[in-house]
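Throughout, read-outs are computed from the coordinates displayed, never taken from laboratory work. None of these values were measured; they are calculated from a predicted model. In this analysis, Cβ positions are derived from the backbone assuming ideal geometry, glycine residues included, and neighbour counts consider all displayed protein chains.
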Amino acid sequence: MSKTWKIVSASVLFVIILAIGVKAMGANSEGSSTKKFAWENLSAGLQDEVTTEWKDATIEKTKLKEKFGQFDEKYIDQEVYAITFKVSENSVLGDITAYVSLDGKTFIGVGIRE
């Protein structure tokens with residue numbers, strides 16, 4: 001393999017790795033701000049039950065269903081973020097899941113805990 005070919009290959013690989021890293025950082029930043037927004041909208045009582053940092057919450061997109069809780073009807077069957085905060089293993093009610101609009105600007109509510 002010629003020296004030029006090695007340099008071109010290394011450069012292309014570097015650009016690909018850099019692009020993947022930038023994309024991952026952007027997604028993490030968006031998720032982090034959504035987690036923080038959800039946390040700030042939990043009541044103090046619910047926040048007291050959480051056993052981890054808000055940053056450690058899990059976040060995923062889901063289609064909001066009526067069975068998840070009582071929410072404004074306009075969000076039912078819409079894709080939203082579900083942010084789950086861990087609580088004590090001894091909790092009878094289970095983890096706390098908060099729902100936020102995909103634009104990250106509307107706190108939809110807290111789901112039923114089972």
Item to check | Chain lengthening between Ser2 and Asp48 when straightened (0.36 nm per residue, less Cα-Cα) | outcome: 10.3 nm
Checklist entry - Which ³J(HN,Hα) values in Hz, rounded to whole numbers, follow from the phi angles of the range 37-53 under the Karplus curve 6.51 cos²θ - 1.76 cosθ + 1.60, where θ = phi - 60° and Gly and Pro get x? => result 4, 4, 4, 5, 9, 6, 5, 4, x, 5, 4, 5, 7, 6, 9, 10, 5
Checklist entry - At what distance in nm do the modelled label points of Ser91 and Asp72 sit from each other, each positioned 7 Å from its Cα along Cα→Cβ? => result 2.5
Item to check | For the range 80-89, Karplus couplings with θ = phi - 60° (6.51, -1.76, 1.60), whole Hz, Gly/Pro x | outcome: 9, 8, 10, 10, 10, 9, 6, 10, 3, 4
Checklist entry - Which pairs, out of Lys35/Lys55; Lys67/Lys105; Lys65/Lys86, put more than 18 Å between their alpha-carbon atoms? => result Lys67/Lys105; Lys65/Lys86
